[in-house]
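Enquirer: Below you'll find the structure I mean.
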Amino acid sequence: MPIEPRIARRVSIRGIVQGVGFRPFVYRAAVEHQVFGWVLNGDAGVEIHVEGAADAVEAFVDRLRQGTPPAAKVAEFEVRAAQPEGLSDFCIRASRHETAPTVRMSPDLALCADCRHELRDPANRRFGYPYINCTNCGPRYSIIQRLPYDRAGTTMAAWAMCDRCRREYADPLDRRYHAQPIACADCGPGYRLIYGDEHVDSSQRAICRAVGLLSDGKIVAIKGIGGYHLACDATNRSAVAALRTRKFRKEKPFAVMAATLDDARGLVELSAAHEALLLEVTRPIVLAPARRELPDVAPDNASLGVMLPYTPLHELLFGAGVPRLLVLTSANRSSEPIAYRDDDALSQLSGIADAFLIGERPIARRVDDSVVAVRKGRPMMMRRSRGYAPAAVCRLPAGPPILAVGADFKNAVALVVDGQALVSQHIGDLDDYASYVAFEETVRNLLAMYDVEPTALTVAHDLHPQFRSTRFAASLPAARHVAVQHHHAHIASVMAEHDLLDEPVVGVALDGTGYGIDGTIWGGEFLVGSVRAGFERRAWLRPVPMPGGDAAARFPLQAAAGFLANLAGAPGLDALGDLPDMSQPPFSFSRRFFDALALARKNVRCFPSSSFGRLFDAVAALLGFTRPPTFEGQAAIWLEHQARQSQPQAPYPFPDLDHRPMMSAIVHDRRGGRAPVEIAAAFHATLAGAIVEKIGELCRQRQIGTAALSGGVFQNELLLTAILDSTGQLPGIRLLVNERVPVNDGGICLGQAAVATVANQRSN
Ligand code: ZN
Ligand code: ZN
Ligand code: FE
């Protein structure tokens, strides 16, 4: 028998390739194409040796290139020639590299189509089973307690597999091969329901009871992937109102889960980009323009956060007839982090939820729903958490491991190992004790999971000496500490995402607050430089004495006092004494304004601030938003909502980032009876125009062809789109903005990591 000529190939695949059914997928392809060799998890991803007839080997490699398991994300695919070894079978090799750094932990995955099908199939043995999953879907990060990622290291360890589950788990041709959370109704966890004295123990009856209660307008706490949700009928006004009252959440928008894409389409306007995001395996909350108003769900807000079912339980609830639009919001009291332990949920939520639908599978760590918006057809991450964390967001030049602890608000942390920038789930505001505990746990966890010794670390942190994250960073016995100015970090985060560390850039960092190099409050910064060479502060919003400093963020009236006190003596403006009586309509400002104004005029207990965030607050106050906001950013969101209700308006003067002529004109217009919605629109046009002009000026001066926008202010869609639409005025200049990490402080850790990477390279 002639011996057919054999060829061999080595294939290396990097990305999210572990815990997502990659090896069985390769195995099945090998069996199908009759090739020989092995597949294993190597240091940096999946390694494959394949040999056989030339055309079979080529076809096999093509097959791998074309299609991968749905949850896998291939970042790199490399094929090299190799020596045939005369192998006669194909096997999945257990490897000692099972826990290699970059392939260790997959994010949590939404229910896959195959499992959804089985869930609904009465003939299937997992029909109606709320914890169905497979190698392509199910929980990952939220159940991992320690590595290696196998059953014993997860919160599923307490459940022994039945014989049938064990056979599936062990069979490389089964779609549940090595699915660590594998379970069925015979051997796995279930759901139970508690409603007052009533206890329902079977999953099926518990789900039916929950459906009945939700249909009756009750509030039910439902255990999900990364924590408890509070659910109620989104179309039932009194249920939503009760949820707000009990949760002490007056106005912050609630997210809605829609039964199907069609239900979502009826609720919000969805572009192709929105729909693609809704259907992603990450299943985020997607912000989209509301088509229909659900009373009290998102007051004074043009957009609504919508998501689709992502767990088997969600599918079962909708299948059993629960209202097709459910408010599904993090279960907590106002600003506390989401509850994820059963005991905590039962005690913390006792006055909020009428009933509890409790899943028996424990949650290893809190992972909130992610939130994504769409800007100019591109996704823009607002909160990066479930489905995304702890995956790498990008690559940085390889070097020693780096831990970046982020900022104190909207905290997330980053760990860079082998050049992979892994970003944690959204942790929250570190002023909150439970969030701070979660912050320390997350850092400890990441270091342990990736085998990083603290002493080997470079630790990057904010420049703010009072930040809890800064003090924590200082306490680590790290090899090196790198302090990164807040707005430098914002701009560096954009450049890191776009792999442009060497690129000269004009960075525009606009936010509420950040500690400046001169010790004052920054927040309206135009930086010039590059991540590699460092940044120089070239222009900024004209500073005002802000009464109470950062505390002014809680009171728009206080911010207004800071800006209006500053009108005194400005050339061509009303003299100080000419400020009208602000206690009278249309302003009707309260005592707080006058007290703050007195401080600002005397410059007592005031801190110089160039914050755009406070400028939004001040203008909102002038237009009628004089009460204390009930959630962060509310005044600015209200102002944007006002502006959207107006026709486009001509901008106010804003010469060289001096706000005084505009503020004076707004006071004047408002007294003259101009509609607040028009003033709000003119204000947005003013800022967009001023920012575009300043970008153009700085780019021309330094012959720079790239500008980067970051900071929480750019969550404002009206402002951001106006700037992105002005490319005609910026010939040859490309505008970049954050996409994969939030523009708000959730992205700070990535920027810190990029600056630390460069600092390490410089000193080597
Ligand atoms: Zn599945
Ligand atoms: Zn079983
Ligand atoms: Fe910031």
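What follows is calculated from the coordinates using simple rules that are stated; it is not laboratory data. Bear in mind the structure is a predicted one, so any value in this text is a computation, not a measurement. FYI the Cβ positions are ideal-geometry reconstructions off the backbone, even for glycines, and counts take in every protein chain you see.
Enquirer: Just the ratio, please: alpha-carbon radius of gyration of the range 121-234 over 2.2 N^0.38 Å, N its number of residues. Before the final figure, lay out the partial values.
Expert: Details: Rg = 15.9 Å, N = 114, 2.2 N^0.38 = 13.3 Å.
Ratio of Cα Rg to 2.2 N^0.38 Å: 1.19.
Enquirer: Quick check for me: using +1 on Lys/Arg Cβ and -1 on Asp/Glu Cβ, what's the dipole size of the range 122-274 about its Cα centre, in debye to the nearest 20? Can you show the working numbers first?
Expert: Working: 23 positive and 15 negative charges, 83 e Å.
So the dipole magnitude of the range 122-274 works out to roughly 400 debye.
Enquirer: May I pose another question? What is the range 487-565 by shape, rounded, prolate or oblate, if you read a ≥ b ≥ c off the alpha carbon gyration tensor as root eigenvalues and call it rounded for a/c under 1.5, prolate for a/b larger than b/c, and oblate otherwise? Write down the numbers at each step before the final one.
Expert: Values: a/c = 3.08, a/b = 2.48, b/c = 1.24.
Prolate shape, in that a/c is at least 1.5 and a/b is the bigger ratio.
Enquirer: Amide H of residue 268: which non-local residues (sequence gap of 5 or more, or other chain) have their own amide H closer than 5 Å, using H built in the peptide plane?
Expert: Residues meeting the amide H criterion: 291.
Enquirer: Further question on the same structure: Taking amide H atoms as placed 1.01 Å from N in the peptide plane, list the residues 5 or more away in sequence, or in a different chain, whose amide H sits under 5 Å from that of residue 145.
Expert: Result for residue 145 returns 154, 155.
Enquirer: Across every pair of different alpha-carbon atoms, what Kirkwood hydrodynamic radius in Å does the range 286-335 reach? Intermediate results must be reported in sequence, preceding the final value.
Expert: Details: mean 1/r = 0.0786 Å⁻¹.
Kirkwood hydrodynamic radius for the range 286-335: 12.7 Å.
Enquirer: Can you bin the range 169-233 into rounded, prolate or oblate? Criterion: square roots of the alpha carbon gyration tensor eigenvalues sorted a ≥ b ≥ c, rounded for a/c under 1.5, prolate for a/b above b/c, oblate for the rest. Walk me through the intermediate numbers first.
Expert: Working: a/c = 3.16, a/b = 2.28, b/c = 1.38.
Judged from the Cα gyration tensor, the range 169-233 comes out prolate (a/c at least 1.5, a/b above b/c).
Enquirer: First obtain the Kirkwood hydrodynamic radius of the chain from its Cα pairs, then insert it into the Stokes-Einstein equation at 20 °C and 1.002 mPa s, and state the resulting D in µm² per second as a whole number.
Expert: Working: Rh = 27.7 Å.
Translational diffusion coefficient: 77 µm²/s.
Enquirer: Continuing with the same structure: Mind checking which helices in the chain clear 20 Å along their axis (Cα) and have mean Kyte-Doolittle hydropathy of -1.0 or more, DSSP H runs only?
Expert: Details: long enough: 433-449 (24 Å, 0.41); 676-702 (39 Å, 0.46); 748-763 (23 Å, 0.59).
Membrane-span-like by this rule: 433-449, 676-702, 748-763.
Enquirer: A further question on this structure: How large is the helix-only mean residue ellipticity at 222 nm for the chain, computed as the sum of -39500 (n - 2.57) over DSSP H runs with n ≥ 4, divided by its residue count, in deg cm²/dmol to the nearest 500?
Expert: Numbers: 21 runs with 239 residues, N = 764.
Value at 222 nm, helices only: -9500 deg cm²/dmol.
Enquirer: Can you give the relative contact order of the chain as a percent, counting alpha carbon pairs under 8 Å and 6+ residues apart? Write out the running numbers ahead of the final one.
Expert: On the way: 1776 pairs, mean separation 82.4, N = 764.
Contact order relative to length: 11 percent.
Enquirer: Using a 4.7 Å cut-off between beta carbons, which cysteines in the chain end up with no partner cysteine at all?
Expert: Among the cysteines of the chain, those whose Cβ sits 4.7 Å or more from every other are 91, 115, 134, 165, 184, 208, 232, 394, 606, 699, 749.
Enquirer: If you restrict to DSSP beta bridges whose two residues both lie in the range 504-660, what percentage is antiparallel, to the nearest 5?
Expert: On the way: 18 of 19 bridges.
Around 95 percent antiparallel, to the nearest 5.
Enquirer: Okay, next question. Quick one: go through the range 357-372 and flag any residue whose amide nitrogen is under 19 Å from the point 7 Å out along the Cα-to-Cβ line of residue 346.
Expert: What the label zone holds, given the 19 Å backbone N cut-off, is 357-364.
Enquirer: Rounded, prolate or oblate for the range 529-682? Axes are the square roots of the Cα gyration tensor eigenvalues, ordered a ≥ b ≥ c, and the cut-off for rounded is a/c under 1.5. Display every interim value, and only then the final one.
Expert: Values: a/c = 1.36, a/b = 1.17, b/c = 1.16.
Rounded is the answer for the range 529-682, as its axis ratio a/c remains below 1.5.
Enquirer: Please list the non-local residues whose amide H lies under 5 Å from the amide H of residue 75, H modeled 1.01 Å from N, same-chain partners needing a gap of 5 or more.
Expert: Placed amide hydrogens put 14, 15, 16 under 5 Å from residue 75.
Enquirer: Within the chain, how many Lys pairs that are eight or more residues apart, or on different chains, come under 21 Å at the alpha-carbon? Before the final figure, lay out each step's value.
Expert: On the way: 218/247; 218/250; 218/252; 223/247; 247/410; 250/410; 252/410.
So the count of such lysine pairs works out to 7.
Enquirer: Still on this structure: Under unit Cβ charges (Lys, Arg +1; Asp, Glu -1), what dipole magnitude, rounded to 20 debye, does the chain have relative to its Cα centre?
Expert: Details: 82 positive and 82 negative charges, 125 e Å.
I would put it at about 600 debye.
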